[in-house]
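Below: one structure, written as structure tokens.
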Amino acid sequence: MVLSEHKRLTGGLLLALSCSLLAACGGGKDRPKADLAESRVTNIGINGYLWRASLETVAFMPLLQTDSNGGVILTDWYINPAAANERMKLTVTILDQDLRADALRVAASRQTLQGGQWIDAPVQAATTQKLEEIILTRARDLRRRAING
């Protein structure tokens, strides 16, 4: 990955994180606070914290499809205005109901504009690893907030 690609992607992710929406988790008065933080207290088939963190992280990109039961988020091509000759697309997959690092997978596609045509270009593994780290950190923060009220 070119350094400028990393900076643009990281900058967009940081912007998306700073503009994230916070919603309170519901729960009855009879429940202890710690129960609110359980990953299975959702109406969807996957970890709710990972789901929210993933949506917030990729919010700067146009969404093509989301499936909360299957745990898949597909973005459409995103062109950073500062680099109009390059575009990226992401697939985020949540694989489990537990908040674990191996319950999340991010795949990225990148293309560059050459001679008027979009040509596939490599994406360094560090790009998807960084996205996974950002999502996991955000999910853990959401869970901590739910526990602490």
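The values are calculated or read from the model by the stated rules, or taken from the named source; none is laboratory data. Keep in mind it's a predicted model, so treat the numbers as computed, not measured. Here the Cβ positions follow ideal geometry from the backbone for every residue, glycine too, while neighbour counts run over all protein chains shown.
Things to note:
- Test for T75: is it under 13 Å from the mean Cα position of the chain (by Cα) and surrounded by fewer than 18 Cβ atoms within 10 Å (Cβ to Cβ): no
- Filtered by the rule that a residue be surrounded by 14 or more Cβ atoms within 10 Å (Cβ to Cβ), among the polar types (S, T, N, Q) and either modelled with pLDDT of 95 or more or within 17 Å of the chain's Cα centre (by Cα) (or both), the range 122-149 gives T127, T128.
- Check on N69, assigned to a loop (DSSP other than H, G, I, E, B), polar (S, T, N, Q) and farther than 13 Å from W51 by Cβ: no
- Top-ranked residue of the range 83-135 - restricted to ones that are in contact (Cβ under 8 Å) with a residue 60 or more places away in the chain and of a type in the set (A, V, I, L, M, F, W, C), ranked as farthest from S54 (Cα to Cα): A83
- The set of residues from the range 89-109 being part of a strand (DSSP E or B) and under 13 Å from the mean Cα position of the chain (by Cα) comprises K89, L90, T91, V92, T93, I94, L104, R105, V106, A107, A108.
- Selection from the range 36-74 of residues that are under 20 Å from G149 (Cα atoms), small (G, A, S) and modelled with pLDDT under 95: A37, S39, G48
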